[in-house]
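*Asks:* Structure provided below as structure tokens; questions to follow.
The values are calculated or read from the model by the stated rules, or taken from the named source; none is laboratory data. If you're wondering where the values come from, they're calculated on a predicted model, not measured in any experiment. With ideal geometry, Cβ positions are generated from the backbone for all residues, glycine too; neighbour counts draw on all protein chains shown.
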């Protein structure tokens with residue numbers, strides 16, 4: 001299950017839905033991302049098959065299509081963080097927890113986009129930090145929620161012992177709520 005997305009489809013679907021978790025490999029929903037489809041095809045052989053089909057041009061990727069599957073160029077340092085506003089065991093006014101509520105992780109996730117290598121830290125609460133040496137480009141880290149109530153994430157990008165960017169999340173993680181909400185809250189640091 002995705003750490004940043006949660007769907008509660010309602011109680012009427014419980015009887016029609018098999019109760020098991022399914023792991024879906026990345027790209028399974030779009031078979032075009034398989035390595036075998038990212039190459040130049042023999043256009044002479046395919047010409048009669050594809051010339052008159054609208055919407056089929058994506059089948060011949062070649063060099064232009066391969067760029068869509070490559071990591072993006074990063075032009076500025078930033079960390080995208082996402083987290084839920086309440087842990088799974090929050091004391092909410094609604095009596096029932098949503099189906100599959102045991103699956104999402106109680107954590108703050110950081111998705112670093114860096115122009116060059118740096119140390120990224122994600123803190124939530126006292127003495128609760130995750131730190132990783134992030135390469136240039138894209139990397140990810142996470143830190144688990146603490147038992148303390150009303151904590152806010154704090155994120156830093158540190159390069160050569162200097163803080164390049166830092167910022168707090170926009171919302172506190174609390175243990176009490178009106179309804180169980182497993183949707184994520186997303187911030188970008190530096191906050192602009």
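*Asks:* Show the residue pairs meeting these rules: Cβ distance below 9 Å; 6+ apart or different chains; first residue within region 87-101 and over 23 Å from residue 143 (Cβ atoms) and in the same structural domain as residue 149 (by TED's automatic domain parsing); second residue outside any loop (DSSP other than H, G, I, E, B) and modelled with pLDDT under 80.
*Replies:* Between residues of region 87-101 that are over 23 Å from residue 143 (Cβ atoms) and in the same structural domain as residue 149 (by TED's automatic domain parsing) and residues that are outside any loop (DSSP other than H, G, I, E, B) and modelled with pLDDT under 80, the close pairs are 96/11; 99/11; 99/13; 99/14.
*Asks:* Residue check: is residue 126 touching a residue at least 40 places away in the same chain (Cβ under 8 Å) and either within 18 Å of residue 191 (Cβ to Cβ) or in contact with a strand residue (DSSP E or B) (Cβ under 9 Å, 6 or more places away or on another chain) (or both)?
*Replies:* no
*Asks:* Given the structure, is residue 75 touching a residue at least 12 places away in the same chain (Cβ under 8 Å) and surrounded by fewer than 13 Cβ atoms within 10 Å (Cβ to Cβ)?
*Replies:* When the stated conditions are applied, residue 75 passes them.
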